[in-house]
Amino acid sequence: MSGHPPRVTYAPKLTAYMRKKRWRHIAVEHASACGCCVDLSEVATRFVDDATADKLRAKGCVELHGELGSVLVARGMEYDDEVELGLRSFFGAKDITVHGIRSWSL
């Protein structure tokens, strides 16, 4: 992570879906599972509306600007100079893919 904001790019499928559904914001947050046999941190993504985006900003999320709106990254997450967002579908459910943002690294 350098001193300047990263370049955020969207895959064409994601751009088309966001325009069709009128989404303007994506949240990127921690998803952690802890238990007796697992201690795992992953990245969770979701589309959010304007009101939720305002709440995430108030919580201190870092706001990265992309071509269609903002990407709100939870505090403590790391990101590269380039962030790539995509869209995949699994049995009709849409999932935002992200490269260049992670919960943490060693």
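Values quoted throughout were computed directly from the atomic coordinates according to the rules given, and no laboratory measurement underlies them. Worth saying up front: this structure is predicted, and the values here are computed from it rather than measured. All Cβ positions, even for glycine, are placed from backbone atoms using ideal geometry, and neighbour counts span all protein chains on display.
Before moving on, here are some points about what is shown:
- Lys, Arg +1 and Asp, Glu -1 on Cβ, resulting dipole of region 48-106 about Cα centre, debye, nearest 20: 340
- Over region 55-106, relative contact order from alpha-carbon pairs under 8 Å, at least 6 apart, %: 28
- Per-residue ³J(HN,Hα) for region 57-68, Karplus 6.51 cos²θ - 1.76 cosθ + 1.60, θ = phi - 60°, Hz, x for Gly and Pro: 4, 5, 7, x, 4, 7, 9, 9, 9, x, 5, 10
- Karplus (6.51, -1.76, 1.60) ³J(HN,Hα), θ = phi - 60°, over region 46-54, in Hz, Gly and Pro reported as x: 7, 7, 9, 7, 4, 5, 5, 4, 4
- Checked against a 20 Å cut-off, the cross-linked pairs Lys21/Lys59; Lys59/Lys94; Lys13/Lys94 give Cα-Cα distances beyond that limit for Lys21/Lys59; Lys59/Lys94.
- Phi to ³J(HN,Hα) by Karplus 6.51 cos²θ - 1.76 cosθ + 1.60 over region 76-93, Hz, x for Gly, Pro: x, 7, 10, 9, 8, 5, 10, 10, 10, 10, x, 9, 10, 10, 10, 6, x, 7
- Filtered trypsin sites (Lys or Arg not before Pro), region 54-95: DSSP coil and at most 13 other beta carbons within 10 Å: Lys59, Arg75
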